[in-house]
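Structure first, commentary second.
The values are calculated or read from the model by the stated rules, or taken from the named source; none is laboratory data. This is a predicted model, so every value here is computed, not measured. Every residue, glycine as well, gets a Cβ built from its backbone with ideal geometry; the counts of neighbours run over all protein chains shown. Accessible surface is based on the protein model in full, side chains and every heavy atom, while ligands, DNA and RNA are left aside. Shrake-Rupley method; radii C 1.70, N 1.55, O 1.52, S 1.80 Å.
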Amino acid sequence: METNSLIQVQGIDKTFSVNGIHANRGISFEMKSGETIGITGENGAGKTTLVTILAGEMAADNGRIIISGQTAPNGIPNPQVGLVHQHPKLMPGRPVWESLVIGNPNIQLFGRRHIIGQLGKQLEDLHIEIPLTATPDRLTQGQLHLAELAAVLLRKPKLLILDEPTAACSADESQSILEILSKIKNTALIYIS
């Protein structure tokens, strides 16, 4: 594989020992900064397994992932990779702003009002509108996806992975997400459908 790639995925294998399903077999590809790829397939094809391995949320049985020339630890979340899950993972029962603070290196922790103000400015810069003091159960499916997308983008990942981000959204919510994605520069993007 080329050495000027931002991301190199080499020979990823994953078998689930519980049921013997071989979800990923020898997956290899590379991406440059700003490049977008799509991964499609039927339910159960191993797409979500692959992206959770890329994000470090699951360990591969074999293979390696290289980001900016450094081998990523297997099965350890990597701050250079942002994954927007198919089913958003915001903290239940807690205000949205709390989920956005976790892992955000650009927030100074000086009190609730100050934090919410900082987040509001960062979201405005991203053109994302979500009610920061609401709990996830008060948001539409599209707002949940926007909130998780915001949390990931605020960490400024080198690789952004979107696992069916518009699947349960209205047409307007889907359009908002796609408009935000069209403005992202210098980040490799994997879109799962």
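Computed quantities for the displayed model
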| read-out | value |
| --- | --- |
| In the range 127-146, the residues that are at pLDDT 90 or above and not aliphatic (A, V, I, L, M) | Pro131, Thr133, Thr135, Pro136, Asp137, Arg138 |
| Output for the range 179-191, where each listed residue is within 14 Å of Met31 (Cβ to Cβ) and touching a residue at least 40 places away in the same chain (Cβ under 8 Å) | Asn186, Thr187, Ala188, Leu189, Ile190, Tyr191 |
| Strands (runs of 3 or more DSSP E) contained entirely in the range 1-43, each with at least 3 residues that are open to solvent by less than 40 Å² (accessible area, probe 1.4 Å), at pLDDT below 90 and among the small types (Gly, Ala, Ser) | none |
| Residue within the range 130-145 that is in contact (Cβ under 8 Å) with a residue 40 or more places away in the chain, more than 16 Å from the chain's Cα centre (by Cα), surrounded by fewer than 15 Cβ atoms within 10 Å (Cβ to Cβ) and closer than 24 Å to Leu54 by Cα present | no |
| Unique match (being under 30 Å from Arg138 (Cβ atoms) and in contact with a strand residue (DSSP E or B) (Cβ under 7 Å, 6 or more places away or on another chain)) among Leu6, Leu50, Leu83, Leu54 | Leu83 |
| Residue count, the range 154-187 (criterion: closer than 15 Å to Ile39 by Cα and under 11 Å from the mean Cα position of the chain (by Cα)) | 7 |
| Test: residue in the range 58-79 that is under 18 Å from Ile190 (Cα atoms), assigned to a strand (DSSP E or B), over 18 Å from the mean Cα position of the chain (by Cα) and of a type in the set (D, E, K, R) | yes |
| Qualifying residue in the range 97-116 (condition: in a loop (DSSP other than H, G, I, E, B), modelled with pLDDT of 85 or more and open to solvent by less than 90 Å² (accessible area, probe 1.4 Å)) | no |
| Residues within the range 153-173 that are crowded, with 22+ Cβ neighbours inside 10 Å and in a helix (DSSP H, G or I), tallied | 1 |
| Residue that is touching a helix residue (DSSP H, G or I) at 6+ places or on another chain (Cβ under 7 Å) and open to solvent by 60 Å² or more (accessible area, probe 1.4 Å), where the choices are Pro77, Pro92 | Pro92 |
